[in-house]
Every structure is written in structure tokens, then in C-alpha cells.
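Below is one structure, written out as C-alpha cells; comments come after it.
The values are calculated or read from the model by the stated rules, or taken from the named source; none is laboratory data. What you see is a predicted model, and the numbers here were worked out from it, not measured in a lab. Reconstructed Cβ throughout: ideal geometry from the backbone, glycine too, with neighbour counts over all protein chains shown. Only protein heavy atoms, including side chains, enter the accessible area calculation; ligands, DNA and RNA are left aside. Shrake-Rupley method; radii C 1.70, N 1.55, O 1.52, S 1.80 Å.
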Amino acid sequence: QVQIVESGGGLVQPGGSLRLSCAASGVAFSTYVMSWYRQAPGKDRELVATITITGGSKTYADSVKGRFTISRDNTKNTVYLQMTNLKPEDTAVYYCNRRFTPGPWGQGTQVTVSS
């Protein structure tokens, strides 16, 4: 059974940083293109960042380009999202999943950017 667990969220001041982690069981991340998504209150879930299987190519939403970095460790079956220079508009629940064949969604991790 596939289970995804996101962690690392929290409350941070504008300009601060957080590192999110996404670990999976029941599925080998190493064979999939992976993405981070986020959903703010009252808004649709949006794609934030994507990383290819080997990590050789990464793409980002324009709103986070230059501030967020996606990475992966296939030996640990884990995907990361390093977030810097956080802004209040980054406040959302963050999720990870396979990019093209999404499985069950995890519970996400809450990121709140506020002074």
C-alpha cells in the first residue's frame, strides 16, 4: 500500500527558510518523476516544483523560481524542498506526489509565513 508522508513545515517569518521532506513507503520513488504541490486556503492545488528521476532536470513555478530548490535522494526514497526567502503568499499546505501518475495524497505539511 502506497503511503506518502510530508514533514518539515511550520511557522516562519517572512524572509525565513524551511526544508520540507517527503518520504514514501510501498512505492519506489526512484522510478518516478516527482513533484511538490501546494494548496492555499480557498485555492486549487498548484504545482510548485518537479524533478526528474535522476535529478538532472528541475522545473519550478514562476512564483518560487530562484527561492525554492527541489532535490531527491533515491537511496532514501525521499524528496526534499528547500525554501528560502519565504513570503506570506507561500502560506499553504505542501504535498508531494508522482508527477504524471499521482498516487494517494498524503496529509501534507502546513507552511505558514507570517510576522
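Structure data summary
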| item | result |
| --- | --- |
| Residues that are closer than 17 Å to Lys87 by Cα and touching a Cys at 6+ places or on another chain (Cβ under 9 Å), drawn from the range 15-35 | Leu20 |
| Tabulated pairs, the range 41-59, first outside any strand (DSSP E or B), second open to solvent by 90 Å² or more (accessible area, probe 1.4 Å), C-beta under 9 angstrom, 6+ apart or interchain | Arg45/Trp105 |
| Subset of the range 60-86 [open to solvent by 60 Å² or more (accessible area, probe 1.4 Å) and assigned to a strand (DSSP E or B)] | Thr69, Gln82 |
| Conditions (1) under 22 Å from Ser114 (Cβ atoms); (2) surrounded by fewer than 15 Cβ atoms within 10 Å (Cβ to Cβ); (3) modelled with pLDDT of 95 or more; (4) not aromatic (Phe, Trp, Tyr): number failed by Arg38 | (2) |
| The listed residue being on the phi > 0 side of the Ramachandran plot and of a type outside the set (Val, Ile, Thr), out of Gly9, Gly15 | Gly15 |
| Arg19 being open to solvent by 40 Å² or more (accessible area, probe 1.4 Å), charged (D, E, K, R) and not in a loop (DSSP other than H, G, I, E, B) | yes |
| Among (1) more than 18 Å from Gly108 (Cβ to Cβ); (2) of a type outside the set (Gly, Ala, Ser); (3) loosely packed, with under 14 Cβ neighbours inside 10 Å, the one test that Lys43 misses | (1) |
| The range 87-98: number of residues that are crowded, with 17+ Cβ neighbours inside 10 Å and either in a loop (DSSP other than H, G, I, E, B) or polar (S, T, N, Q) (or both) | 2 |
| Cross-chain or 6+ apart pairs with Cβ under 6 Å, the range 80-95 first and under 28 Å from Ile53 (Cβ atoms), then of a type in the set (Phe, Trp, Tyr) and assigned to a loop (DSSP other than H, G, I, E, B) | Tyr95/Trp105 |
